[in-house]
Structure formats: structure tokens, C-alpha cells
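The values are calculated or read from the model by the stated rules, or taken from the named source; none is laboratory data. A quick note: this is a predicted structure, and the numbers were derived from the prediction, not measured. As a convention, Cβ positions derive from the backbone with ideal geometry for all residues, glycine included, and neighbour counts pool all protein chains shown. Note: areas computed on protein heavy atoms with side chains; ligands, DNA, RNA excluded. Shrake-Rupley method; radii C 1.70, N 1.55, O 1.52, S 1.80 Å.
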Protein chains: 2
Amino acid sequence: MTATDKSSVPVNFDRRYSDAVTTEKPGLRERTRQAVRTQLMAVAWGLFVEQGYDATTVDEIAAAVGMSQRSFFRYFSSKEDVVLVKFEAVGAMLADVLANRPAEEDAWTALRRAFDVIVGPTERDPRHGLVLLRITSQAPALRARVLEEQTNWQELLAPLVARRMQQPAGGDLGPTALTAAALACLVVANAAWLRVDGTEPLAGFLDDAMRTVRPGAF
Amino acid sequence: MTATDKSSVPVNFDRRYSDAVTTEKPGLRERTRQAVRTQLMAVAWGLFVEQGYDATTVDEIAAAVGMSQRSFFRYFSSKEDVVLVKFEAVGAMLADVLANRPAEEDAWTALRRAFDVIVGPTERDPRHGLVLLRITSQAPALRARVLEEQTNWQELLAPLVARRMQQPAGGDLGPTALTAAALACLVVANAAWLRVDGTEPLAGFLDDAMRTVRPGAF
DNA sequence: GACGACTTGTCAGTCGCTGTCATGTTTGAC
DNA sequence: GTCAAACATGACAGCGACTGACAAGTCGTC
């Protein structure tokens, strides 16, 4: 996925924030840490689905994996974070796909194709995506945070979009705006898809939305 | 920004029908309540500007107006609410202006013109808008909530946008998407404007953003 | 085997927020 | 004018998210 590092960082030196993708040689400690994190997420997710996000306390989650509440917060910076990490990964994937789209493809089409990273899985099995959307839409604070996370995607994608647009003037506002518009379409499409409980393909909604905003594109 | 409410209605309009209809008018109690609310907002705002949103506790705000913390929460449902009410008013104003734009104006242009409700005041005096943006961007949870509030605007505006678009098919997804895209442009423009500290006109940023998303419009 | 890096639990405390109860104070009916 | 219902407030207790500090382990390395 990311071509960042495999050995550039000293083995055990302040790894607290580094957990983007599962690397292969992070050392035993880091791997157990990842394992705990994963387990924590799984358990938390189960509880969220079962009884709702708000109704689930951090104490419960911690107890369910047999650790103290304090330790939970050593793995996740907040309760919201447990959900948000799922979205952070998506941002990186979007950027990756977008960067590898054919150079001659126009920005809007490339964005649409990048979104296939999200659309694809929902067609193979919509359940996971639906659960994710349902949980995030039930708690207002969480919903808000997800929205904010998507503006982070914006910053990731905008530079890649800029490369596909020929307008050196005007700063990077144009590319950012176009990216933001595309992401807005994604959000709208997701909402529509959730509203019909995934019974109609997400791709259709997304196409509708993006074609309406830019008629004539793809 | 300042919500000069329905002051167009004569002061003692309901006086003569007061016993015939259930009073929708302020009434003394409701007016003192509004007064307290306003004072609370003013004081809170001062503290936010002075020492930051996160660094200001609800206890402080309450003490500054001489009431208990408990009573603060009888006027605002949350600390965030003190800031958010400023945005709720804007949504209504946008809808109002949009509804009154000439019917033959296309949707995108009408949206741009509606945004003048926001842009206008920033040209007369950018300070208020800048402070608002600065406060809301410094606290992540708050920023997220503002973003969410803007999706509420979306629901307000989308039906009005729909009327300006000729495509009965496809449900209301198209209008919603277009509205969301326009709002995304607004957000992006605001961010750019904040980044230059208001030294360049917001209108320019907004025009750039919206023209990039829909070339050829207005 | 000892040292240092790392992890954990416990405890105490802050802050946002809520329910409840016991006081006034206001309002509206009689 | 009186009185009861309606409302506003403060005080108190409590929950849940989150944090800092400390002490007690665990584990890899030299």
C-alpha cells in the first residue's frame, strides 16, 4: 500500500502514533500492541452494534477484553477513535488509488473511479458498510467527527486532483473545491444508500450525484 | 451574522386577539429568557475569544453572569450550542434568500447569490466572521459540529434547489448533491479566507471555488 | 542477572452533562 | 386579593469521558 518506510525508523523509538498499515517487522512489542488494538476494536464494535454507540461505555469495552478503562485510553485516544480509525484507513486507500489512475483521466472521473474503493466492497457484501453507516449516523457527535475526517481525505486527495487540472493560477483552491464537491457527493450518496437500506446499489446513487454536479462528466 | 429576528411585526400586534388565539408571541417570561440567553452568549463569546473555547469551562461562563452551572444548561443544551446557535440562524437566512431569488435563475447561480448573505457582512466588517471562524476551527469537536450543522442547511436548501432543476427523475438526490457541493465550496472558501486572515475578499474565493466545480456557471 | 524500555492497574481529579429536590417568584384564575 | 399551578433557580449527587501521577510488574538486551 503505502511506500513509506520499511526500515527507516529505528526499531523501538516513539512508535506511539505510527500505525497506518500492518507492517511485517515491527518487533514483537509493536505486534502485540496491534493485536490488542484489533481485539479492542472487534469487541467494541460488537458492543456498539448490539446496544448502540452511546449506550456502550468505555468501561464496558475495557472490561470485555479484561483491562482497565485507563488502558483502553492507552490504545485509543477516545471512544470515537475506535470508530474513526476505520475511516482513516479509507482516506489512505483513496489517495493510493487516485494516484494510480491513468494520467489522462480528468479529475472528476478519476475521483469517481477512486471512490470505487468504497463502492466495490458494498457490492460484494453491503452488510459491513451498512453497519458502519448505521452506527455513525446514530450518534450525532460521532457523525460530526466522521464528517470532519472526510475533510482530512480532502487534504490528502486535493494535491492529486491538482495534478489533473490545468490552471496554475488561483492557488490550490480549485482542486480543493473540486475534491470537496466530490466528497460531498459521496456523503450524499452514502446517505441515500443507507436510507434504502442498501437495497439499491451505492454506485447508482454516486453516479447520479456526481453527474448532477458536473453534467457531461464520465 | 446577527440575527435581527422578526422585528418587522408590530409591537403590540397580538394585543387585541390575545384571548382568541393561543399566544405565539414572546410574552414577558419568554422575553426575559431570551435576554438571559443573549447575555449568556455575549459573556461566553468574550471568554472564548479571550482564552479559547476548550480552556473556558461552563462553570466560568455561568459564574461570569452570576448563575449556577446547572442553570447554564437550562439555557443551552450544551457548551457547543452556544456557538452553534450562531450558525442555525444563517441556515434560515440562506433558505429565505434562496427562495426569493428570481425563478429563472439557474440553481448554481442562485446558490452563489444566496451565499451573499454570508459574504456581504464579511465585506462590511470581516472581524466578526473571522472571530467566528477562528473559534470554530480551534476546537476539533466544535469544528466537526459546525460541519454537521451545515448538512442541516443542506436539507433546508435542497428542496428550493430542486425547484430550479428540471429533472423529476432520480429522486431528490440530484438537488441534494448540488446543494452539498455548493456548501462544500463555501466551506473551502471560508477556510481559504481564514488562512489569509481576511485580507482578500471572501467573495473571490467563493467565486473561484464555485466556478471550478461548475465551469461556465455565472 | 541487571538495567532500561515498556505496559498495566489504581487512584484521584477535571469537565461536560443530567436527575432530583427544595426553594422562591410569577402568572393566571377565582 | 388570594391561592394554586407554572416556572426559575440553586444545591447536591451522580455518570461517563478523559487525564496525570505513581507504583508494580514484564520483557528484551547487554
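General observations
- Counting from the shortest, the label point at B:Thr38, 7 Å from Cα toward Cβ, is 6.0 nm from the same position in each remaining copy.
- DSSP-loop chymotrypsin sites (Phe, Trp or Tyr not before Pro) across the range A:83-122, with at most 16 other Cβ within 10 angstrom: none
- Contact order for chain B, expressed relative to its length and based on alpha carbon pairs under 8 Å spaced 6+ residues apart, stands at 19 percent.
- In summary, the helical segments of chain B meeting the span-like criteria, namely a full DSSP H run, a Cα extent along the axis of 27 angstrom or more and a mean Kyte-Doolittle hydropathy of at least -1.0, are B:27-51, B:79-99, B:140-162, B:173-195.
- If the segment from A:Arg31 to A:Asn152 were pulled out straight at 0.36 nm per residue, it would be longer than the present Cα-Cα gap by 40.9 nm.
- For B:Pro140, the label point sits 7 Å beyond Cα toward Cβ; its separations from the matching points on the remaining copies run 2.1 nm, from shortest to longest.
- Inter-chain Cβ neighbour count for A:206-217, averaged per residue, equals 4 (cutoff 10 Å, partner chain atoms only).
- Each other copy places its own label point for A:Gly204 at 4.6 nm from this one, sorted shortest first, where the point lies 7 Å along the Cα-to-beta carbon line.
- Cubic angstrom per residue, convex hull over Cα atoms of the range B:24-75: 77 Å³
- Per residue convex hull volume, Cα atoms of the range B:59-218, in Å³: 134 Å³
- Solvent accessible area, Å² - A:Lys79, 1.4 Å probe, full protein context: 40 Å²
- Computed from Cα atoms alone, the Kirkwood hydrodynamic radius reported for the protein assembly as shown is 24.2 Å.
- Label-point separation, A:Phe218 to A:Ser71 (7 Å along Cα→Cβ), nm: 4.6 nm
- Most to least packed among B:68-78, B:202-212, A:39-49, A:195-205 [average Cβ atoms within 10 Å]: B:202-212, A:39-49, A:195-205, B:68-78
- Between the range B:134-193 and the range B:40-80, the Cα center-to-center distance that results, in Å: 29 Å
- Per-residue [θ]222 nm for chain A (sum of -39500 (n - 2.57) over DSSP H runs n ≥ 4, rounded to 500): -22000 deg cm²/dmol
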